[in-house]
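The values are calculated or read from the model by the stated rules, or taken from the named source; none is laboratory data. Everything numeric in this text was worked out from a predicted model, so none of it was measured. Here the Cβ positions follow ideal geometry from the backbone for every residue, glycine too, while neighbour counts run over all protein chains shown.
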Ligand SMILES: Nc1ncnc2c1ncn2[C@@H]1O[C@H](COP(=O)(O)OP(=O)(O)OP(=O)(O)O)[C@@H](O)[C@H]1O
Ligand SMILES: [Mg+2]
């Protein structure tokens, strides 16, 4: 795959187009040539190119203009300027616009090969940097587990005690309750903290691919195995492997996983040579694993191996005392990202956040605050910034919009909608809250054609 990079040449001189194409194709690259800027942009939009070789002096839109357009569309694509009149000024201007480097015509095949290779390497570094920045961001921002409630204090107490050990931990909890964050926390407070923390999403891949993802494979072991691949167990060596949504793995892989955990060695698909691995396992699930064991969808022996220390994360609505602290935490986090300084939420917002029952748990709260920070125009979050149906729909209900007041019918409809949504569509519960009987509610739902 490495040599299959695709290069776009934009030059009005046929001789240059031909010689460049030849040199690049001989190197094993793909090359496509455009005779002017218009055609170049057309190709650039149609196809994917790793590097662009661009002549500055072109008929129609000139090189500078093309460079600008390419950088707008794909800022990570290195553009090498090729020009016959290599004046310093145009070079400097092109570099300011984000050109990668400069090649003066006439140039030798070696020069061309060298500069293209350099550009391709720079792409790699660019993406590696994104990855590193992302990791760094996670390290600095995700570091904090907020939990002042009794329920969370219990959880954090277990975490403190279990982190330094080698024990396998099974983290359970509904979506958005913080399972991954907790797993990172355990890793970060373990003696393995300077080694990798590797996440495997067990629900993401079909079984065969998943097996190779976990254990690796050797070249040619199945169709599509072009190169030998290290499995996640090998990547996590010395560190922690986090098996997320563990309930999703099939019985076949469960058996293999169990063996790896017991023997502490993996065998790549297509190989017979076992490789020693030293990995601590953390697992998470939003399902009831014990239930799956009863239904024979999950191996009992693996279940016991994984749940040496079980940790359960409570729903957010079961620990509402944490909400104000979480709100503060997320305000700071998203202020920083949005370069804003919103320090507080209005009392009405505070109440709305406490009253809501957060089916999406902390992730939903985090998203709500993120959106509010982005939307907010002042230095305090107001109800109008909570564009979340469950919370805010009821709030502006009684306000006039402009100078116009809403008719009663409309308010009734909106209010019924809000309550129904908050009760996840449960009509009996909604009717009870609204103080009407179920039948009346059904009539009104029909009248207003509420979904
Ligand atoms: N106690 C907490 N303190 C601060 N932030 C938290 C806390 N719990 C969760 N978060 C944040 O909420 C978001 C969701 O958490 P996380 O991804 O760990 O949940 P999850 O249980 O793995 O969810 P899912 O099942 O949807 O994958 C993350 O951005 C996380 O940083
Ligand atoms: Mg998760």
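Residue-wise test of (1) modelled with pLDDT under 95; (2) closer than 30 Å to residue 354 by Cβ; (3) in contact with a helix residue (DSSP H, G or I) (Cβ under 7 Å, 6 or more places away or on another chain); (4) surrounded by 18 or more Cβ atoms within 10 Å (Cβ to Cβ).
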position: 248; (1), (2), (3), (4): yes, no, no, no
position: 258; (1), (2), (3), (4): no, no, yes, no
position: 310; (1), (2), (3), (4): no, yes, no, no
position: 315; (1), (2), (3), (4): no, yes, yes, no
position: 323; (1), (2), (3), (4): no, yes, yes, yes
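Residues that are away from ligand 2 (no atom under 16 Å from the Cβ), farther than 18 Å from residue 264 by Cα and either surrounded by fewer than 18 Cβ atoms within 10 Å (Cβ to Cβ) or under 21 Å from the mean Cα position of the chain (by Cα) (or both) within region 179-204 comprise 188, 189, 191, 193, 194, listed in sequence order. Taking region 284-299 as the search range and keeping residues that are within 16 Å of ligand 2 (Cβ to nearest atom) and either part of a helix (DSSP H, G or I) or touching a helix residue (DSSP H, G or I) at 6+ places or on another chain (Cβ under 6 Å) (or both), which one is farthest from residue 172 (Cα to Cα)? Only one residue tops the list, namely 289. Remark: residue 16 matches the filter, which requires a residue to be out of contact with any helix residue (DSSP H, G or I) (no Cβ under 6 Å at 6 or more places or on another chain) and touching a residue at least 24 places away in the same chain (Cβ under 8 Å).
Restricted to region 340-362, and to residues that are in a helix (DSSP H, G or I) and crowded, with 16+ Cβ neighbours inside 10 Å, which residue is modelled with the lowest pLDDT? Top of the filtered list is 352.
Could you list all residues from region 51-70 that are surrounded by 19 or more Cβ atoms within 10 Å (Cβ to Cβ) and assigned to a loop (DSSP other than H, G, I, E, B)? Listed by number, the residues that qualify are 56, 58.
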